[in-house]
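What follows is a set of notes on a single structure, which appears directly below.
The values are calculated or read from the model by the stated rules, or taken from the named source; none is laboratory data. Owing to the predicted nature of the structure, the values given are computational and were not obtained by experimental measurement.
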Amino acid sequence: MAKENSMGNIHEKSPWQDITEGGFVYGPGNSVYFNTGDWRVRTPKWDPEKCRQCLLCFPVCPDSSIPVLESKRQDFDFGHCKGCAICAQVCPFGAITMGDAGEGADE
């Protein structure tokens with residue numbers, strides 16, 4: 001069945017137009033199910049001895065890969081960390097350094 005669009009062009013109705021809005025989006029908060037850590041080229045290493053628990057690293061992590069439990073940061077969630085090094089750049093105590101992919105990650 002041919003239809004006319006707003007530009008006056010005649011076109012056939014394509015099956016892809018029948019896909020529901022949002023396509024395959026499952027819903028908010030589903031990123032926890034997608035482990036993207038294998039994309040990492042560099043791996044952060046956390047030194048708890050140097051860490052002063054200032055938590056400056058936690059809010060800047062774009063992957064939410066720095067877990068905090070009872071107001072204290074824990075080691076990285078390597079299943080989601082992509083190795084962007086933002087955390088290492090903001091750490092004023094040198095408690096986070098970057099190594100090659102896989103170093104320090106117990107994957």
Right, GLY104: over 13 Å from the mean Cα position of the chain (by Cα), in a strand (DSSP E or B) and at pLDDT below 95 or not? no
Which residues, taken from segment 60-96, are acidic (Asp, Glu) and within 18 Å of the chain's Cα centre (by Cα)? ASP63, ASP75, ASP77
Options GLY27, GLY94; residue that is in a loop (DSSP other than H, G, I, E, B) and modelled with pLDDT of 95 or more: GLY94
Restricting to segment 41-60, name every residue that is modelled with pLDDT under 95 and either part of a loop (DSSP other than H, G, I, E, B) or hydrophobic (A, V, I, L, M, F, W, C) (or both). VAL41
